[in-house]
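Visitor: Here you go, one structure.
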């Protein structure tokens, strides 16, 4: 398969062809130059999906992502300046997550929405409640701490409130906030899309 920045982005646009197919590719956008981002836009890229997950440096470090929230902001703002829309995935309810951690995530989503509007692009969120996936380090760590994770059920109330039936599952609230606060942050962050 082609290596994205060199192989695909160096094809002259007048010699390229149109493929109406979503491209799935893991890419660290902060590594691309502004010229590459502009070329990506000119090639037909309309939107990228980014797993932001949280706006809390503490939570980001816990899930082994960059804890530099300013890097996330700068990178996504560069995508906006190139004319590329962004869909950001957020997760609320990580084990030990506090109200303050959740507020940082909401604040980041709101900041990104405002930055997109200033650049004539769109930022939208896709928001989920944390559930530990079997086989992951987070899952194993929780089992070692004696947390029993024996059931994942459809979260009907959340599905009804945000109007999305897929992916709304829960295996419990592992955060430090009440179920009501957790639900409010999920709904509020999803509400940025309106």
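The values are calculated or read from the model by the stated rules, or taken from the named source; none is laboratory data. In this text the structure is predicted, and so the values were computed from the model without any measurement. With ideal geometry, Cβ positions are generated from the backbone for all residues, glycine too; neighbour counts draw on all protein chains shown.
Visitor: Just to be sure I understand, how many residues within segment 84-93 are under 30 Å from residue 145 (Cβ atoms) and within 14 Å of the chain's Cα centre (by Cα)? Full working, then the answer.
Guide: So the first thing to find is which residues in segment 84-93 are under 30 Å from residue 145 (Cβ atoms), and the list is 88-93.
Narrowing further to those that are within 14 Å of the chain's Cα centre (by Cα): 88-92.
Total satisfying the criteria: 5.
Visitor: Also: What are the residues in segment 111-135 that are over 12 Å from residue 95 (Cβ atoms), modelled with pLDDT of 85 or more and not in a strand (DSSP E or B), if any?
Guide: 111, 112, 113, 114, 115, 116, 117, 118, 119, 120, 121, 122 - these are the residues of segment 111-135 that are over 12 Å from residue 95 (Cβ atoms), modelled with pLDDT of 85 or more and not in a strand (DSSP E or B).
Visitor: Residue 17 is checked against (1) at pLDDT below 95; (2) surrounded by 13 or more Cβ atoms within 10 Å (Cβ to Cβ) and fails just one. What number does that condition carry?
Guide: So residue 17 meets the others, but not (2).
Visitor: Another question, then. Provide a single number: the residues in segment 63-105 that are on the phi < 0 side of the Ramachandran plot and either touching a strand residue (DSSP E or B) at 6+ places or on another chain (Cβ under 8 Å) or crowded, with 22+ Cβ neighbours inside 10 Å (or both).
Guide: The initial filter retains those residues of segment 63-105 that are on the phi < 0 side of the Ramachandran plot, namely 63, 65-82, 84-92, 94-95, 97-105.
Subsequent filtering for residues that are either touching a strand residue (DSSP E or B) at 6+ places or on another chain (Cβ under 8 Å) or crowded, with 22+ Cβ neighbours inside 10 Å (or both) retains 63, 65, 72, 76, 79-80, 84-92, 94, 97, 101-102, 105.
Within segment 63-105, residues that are on the phi < 0 side of the Ramachandran plot and either touching a strand residue (DSSP E or B) at 6+ places or on another chain (Cβ under 8 Å) or crowded, with 22+ Cβ neighbours inside 10 Å (or both) number 20.
Visitor: Does residue 164 qualify as being modelled with pLDDT under 90 and closer than 28 Å to residue 83 by Cα?
Guide: Numbers: modelled with pLDDT under 90: yes; closer than 28 Å to residue 83 by Cα: yes.
Yes; evaluated as a whole, the condition is true for this residue.
Visitor: Here's a follow-up. Would you mind finding the one in 120, 135 that is without any contact (Cβ under 8 Å) to a residue 12 or more places away in the chain, surrounded by fewer than 17 Cβ atoms within 10 Å (Cβ to Cβ) and either under 19 Å from residue 58 (Cβ atoms) or over 13 Å from the mean Cα position of the chain (by Cα) (or both)?
Guide: Details: 120 fails: without any contact (Cβ under 8 Å) to a residue 12 or more places away in the chain.
Of the residues listed, the single one that is without any contact (Cβ under 8 Å) to a residue 12 or more places away in the chain, surrounded by fewer than 17 Cβ atoms within 10 Å (Cβ to Cβ) and either under 19 Å from residue 58 (Cβ atoms) or over 13 Å from the mean Cα position of the chain (by Cα) (or both) is 135.
Visitor: Would you be able to say whether some residue in segment 62-77 is within 18 Å of residue 173 (Cα to Cα) and assigned to a helix (DSSP H, G or I)?
Guide: Of the residues in segment 62-77, the ones within 18 Å of residue 173 (Cα to Cα) are 62-63.
Keeping just the survivors that are assigned to a helix (DSSP H, G or I) gives 62.
Looking for residues that are within 18 Å of residue 173 (Cα to Cα) and assigned to a helix (DSSP H, G or I), one finds at least one in segment 62-77, hence yes.
Visitor: Being more than 23 Å from residue 107 (Cβ to Cβ), within 15 Å of the chain's Cα centre (by Cα) and at pLDDT below 95, is that true of even one residue in segment 40-63?
Guide: Looking only at segment 40-63, we keep the residues that are more than 23 Å from residue 107 (Cβ to Cβ), and these are 40-46.
Right, trim to within 15 Å of the chain's Cα centre (by Cα) and you get none.
Within segment 40-63 (the criterion being more than 23 Å from residue 107 (Cβ to Cβ), within 15 Å of the chain's Cα centre (by Cα) and at pLDDT below 95), the answer is no, since none of the residues qualifies.
Visitor: Also, I was wondering about something else. Can we say residue 114 is in contact (Cβ under 8 Å) with a residue 40 or more places away in the chain and surrounded by fewer than 17 Cβ atoms within 10 Å (Cβ to Cβ)?
Guide: Details: in contact (Cβ under 8 Å) with a residue 40 or more places away in the chain: no; surrounded by fewer than 17 Cβ atoms within 10 Å (Cβ to Cβ): yes.
No.
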